[in-house]
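> Structure provided below as structure tokens; questions to follow.
The values are calculated or read from the model by the stated rules, or taken from the named source; none is laboratory data. All values derive from a computational prediction rather than experimental measurement. Cβ atoms come from the backbone with ideal geometry, glycine included; neighbour counts cover every protein chain shown.
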Amino acid sequence: MTATATPLDVGQADTATVEVPPRFDMARRLLRTRRLQFGLAMLAPIALLALFEPLLPFGDSNASNLQARFLSPSLDHLFGTDALGRDVLARTVAGGRISLVVGVAAAFASVSIGIVLGTVAAYFGKWVDSTISGLVNVLLAFPGLLIGLTAVAMFGAGVGQVILAVSIAFTPRAIRLQRSLVLGIKSNPYMDAARMVAAPTRWILVRHIVPNTLSPMLVVASIYTANAILIEATMSFMGLGIVPPTPSWGNIIKDGEPYLRESWWISLMPALLLILVAIALHLIADGARQVLDPTEHDRGAK
Amino acid sequence: MGGSYVLRRLYHLVPTLLGVITLTFLVVRLLPGDPALYILGENSTQASVDALRDQLNLGEPLPSAWLSYMGSLLTGDLGESIAYRVPVSEILSSVLPVTVAIATSALILGTILGVTIGAVAAHLASRGRAGLDHALTSTSIVLEGTPPFVVALIAMLFFVLRLEWFPAVGVIDWGDVGGVVERLAMPVGVLAIGEVATIGRITRTSTLDSLGNDYVRTARALGESSVSALTHHGLRNSLLPVITMVGLSFGRLLGGTIVIEVIFSLPGMGSTLIDGIVGRDYPVIQALVLVYALLYVFVNLLTDVLYRLADPRVEL
């Protein structure tokens with residue numbers, strides 16, 4: 001903490017040392033959850049490939065070779081080649097980079113804005129809450145994909161626009177969740193205690209409220225990332241998201257659609273990675289939820 | 001009693017509906033630069049830009065343009081399509097039935113299958129036979145990560161292109177029932193699969209919860225068979241979260257109809273919306289976005305009312 005810390009920060013050092021073991025314990029328990037292990041094992045190789053794509057010897061994802069059109073998967077071209085003789089693996093990895101960036105950026109943006117506006121709405125109540133909640137209710141009346149498509153209709157297609165569009169779709173959901181989390185925390189006795197010793201509002205928010213909402217918000221961030229990737233792929237598939245020559249899983253799948261019957265690999269290989277990533281992110285969210293929320297037990301399947 | 005609850009809910013919807021209408025109104029207003037010029041493109045003549053500006057009320061100040069937009073909506077006037085030069089309401093009356101037909105069939109089919117599979121899985125799991133339960137859980141995890149358009153492509157590859165069981169294209173003639181069923185079977189099936197996964201998982205979890213209740217154990221102890229304990233005591237209570245889930249998942253289902261209509265070239269709201277976006281036909285976009293939102297709000301109202309009807313503990 002800085003020099004501007006309030007008197008209530010006395011004992012900060014003690015609580016910090018006490019908090020360390022449970023955190024280590026939580027990390028261990030997180031990694032022991034089988035769903036989380038599965039999820040990470042599926043996501044990690046794809047994410048690493050996408051992340052380090054520029055350094056890896058995949059070659060140019062847009063390099064076409066008209067002598068090598070529609071080659072089925074082989075050792076030379078693991079995912080085959082497309083109608084222009086481009087290597088589908090190179091395109092899929094390059095497209096995955098874009099898709100993952102869009103998903104993570106949109107989820108991060110909506111969860112961050114959601115934490116701020118949801119906390120403000122729940123903590124200050126009255127007209128602040130009615131204004132924010134009213135806007136949230138209006139936006140929630142539109143299915144996510146529809147918001148994305150409308151935003152592209154207004155501002156055009158492209159990576160930035162798609163991130164913006166998907167963030168607009170998820171932010172109201174994040175605000176609503178954060179609002180209900182903060183409302184739940186507000187009723188705790190330690191909140192009354194904090195108010196009784198006249199703790200400053202900002203200190204209550206930063207020290208008591210927001211940290212307690214972070215783990216559920218991180219869980220939904222994982223789900224939002226999966227859904228953002230799926231919405232981006234759907235939009236790009238319809239030609240209204242990320243447009244060629246920038247590859248994304250959606251537009252590679254669209255490229256292969258006319259040749260689906262004979263050259264299924266052009267569409268289905270990137271589709272497979274898309275599904276794997278979405279499942280992995282859902283598994284990570286499920287596993288994390290099991291560990292972070294001890295009250296929620298999923299009976300049956302472990 | 002029930003009626004007054006519906007009226008109260010409708011009353012609470014008014015601000016949301018006003019907001020929804022205002023947002024769709026702003027779709028044209030917030031276009032970058034001069035909306036009329038943006039729609040027609042740089043090479044258009046000044047006269048056509050002026051005509052469009054008149055048609056879209058762009059010359060009016062915002063509040064009075066908003067009022068006239070509200071006024072025309074109340075009289076059922078949704079504006080005129082720029083591309084086709086016909087009233088949007090005319091286009092809507094031909095595409096709305098297609099979308100409503102596939103969305104409701106998929107919703108009903110998916111809910112029935114999902115509730116059945118979920119209840120059977122929970123029942124078997126409670127008796128120690130968890131095979132179906134594991135299969136359902138893993139299938140639903142896979143399906144939740146698979147967007148409808150990929151399911152559609154795979155279904156298309158196998159059932160249309162390889163096996164040639166269903167026609168891929170063709171007009172929809174509502175008089176020809178067999179033809180309509182044949183034409184809509186694949187799109188509806190693809191959309192329903194996603195619902196089955198979601199609804200099945202919720203039904204399974206909530207049935208397992210209610211099977212653990214004391215009154216179910218009592219019923220079993222009094223000699224009721226496990227199937228009758230499930231159908232009489234377990235299932236009814238476990239349907240409440242299912243109803244909520246049906247409403248919540250309807251938004252995704254509606255989104256799914258858009259891409260499904262495009263893939264199976266069905267003349268519904270979705271394919272019209274995509275054509276509208278590509279052709280910058282903003283009156284059409286505006287009207288369709290509004291109708292999608294109204295459908296979504298209406299189905300959620302309906303599920304709320306159903307919830308109150310199914311749960312007598314909640315006062316109407």
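> Return the total of residues in segment A:258-273 being within 7 Å of chain B (Cβ to nearest Cβ) and either in a helix (DSSP H, G or I) or surrounded by 24 or more Cβ atoms within 10 Å (Cβ to Cβ) (or both).
Summing the residues that are within 7 Å of chain B (Cβ to nearest Cβ) and either in a helix (DSSP H, G or I) or surrounded by 24 or more Cβ atoms within 10 Å (Cβ to Cβ) (or both) in segment A:258-273 gives 2.
> Check whether at least one residue in segment B:70-90 is in a helix (DSSP H, G or I), of a type in the set (A, V, I, L, M) and touching a Leu at 6+ places or on another chain (Cβ under 6 Å), and report yes or no.
Yes, segment B:70-90 contains a residue that is in a helix (DSSP H, G or I), of a type in the set (A, V, I, L, M) and touching a Leu at 6+ places or on another chain (Cβ under 6 Å).
> Let me ask something else about it. Yes or no: residue A:211 out of contact with any strand residue (DSSP E or B) (no Cβ under 9 Å at 6 or more places or on another chain), more than 24 Å from residue B:148 (Cβ to Cβ), part of a helix (DSSP H, G or I) and modelled with pLDDT of 80 or more?
Yes, satisfied.
> Right, residue B:63: part of a helix (DSSP H, G or I) and surrounded by 13 or more Cβ atoms within 10 Å (Cβ to Cβ) or not?
Here the answer is no, as residue B:63 does not meet what is asked.
> So residue A:176 ticks every box in (1) in contact (Cβ under 8 Å) with a residue 40 or more places away in the chain; (2) buried (at least 24 other Cβ atoms within 10 Å of the Cβ) but one. Which box is left unticked?
Every listed condition holds for residue A:176 apart from (2).
> Which of the residues belonging to segment A:135-170 are hydroxyl-bearing (Ser, Thr, Tyr) and within 14 Å of another protein chain (Cβ to nearest Cβ)?
A:150
> Another question, then. Can you name the residue in segment B:122-164 that is touching a residue at least 40 places away in the same chain (Cβ under 8 Å), of a type in the set (Gly, Ala, Ser) and more than 28 Å from residue B:302 (Cα to Cα) and, of all such residues, is nearest to the other protein chains (Cβ to nearest Cβ)?
Out of the qualifying residues, it is B:125.
> So in segment A:85-100, with the set limited to residues that are in contact (Cβ under 8 Å) with a residue 60 or more places away in the chain and of a type in the set (A, V, I, L, M), which one is surrounded by the most Cβ atoms within 10 Å (Cβ to Cβ)?
Filtering first and then ranking leaves A:88.
> Here is a follow-up. Which members of segment A:274-300 meet the condition of being within 11 Å of chain B (Cβ to nearest Cβ), crowded, with 19+ Cβ neighbours inside 10 Å and modelled with pLDDT under 85?
Across segment A:274-300, the qualifying residue is only A:286.
> Residues of segment B:275-290 being in a helix (DSSP H, G or I) and either surrounded by 20 or more Cβ atoms within 10 Å (Cβ to Cβ) or not β-branched (Val, Ile, Thr) (or both), which ones?
Within segment B:275-290, B:275, B:276, B:277, B:282, B:283, B:284, B:285, B:286, B:287, B:288, B:289, B:290 meet the criteria.
> Right, another one. Taking the stated definitions as given, is residue B:245 away from chain A (no Cβ under 11 Å), touching a residue at least 12 places away in the same chain (Cβ under 8 Å) and within 16 Å of residue B:107 (Cβ to Cβ)?
yes
> Could you list all residues from segment B:204-245 that are touching an Asp or Glu at 6+ places or on another chain (Cβ under 8 Å) and either within 30 Å of residue B:150 (Cα to Cα) or buried (at least 21 other Cβ atoms within 10 Å of the Cβ) (or both)?
B:204, B:205, B:238
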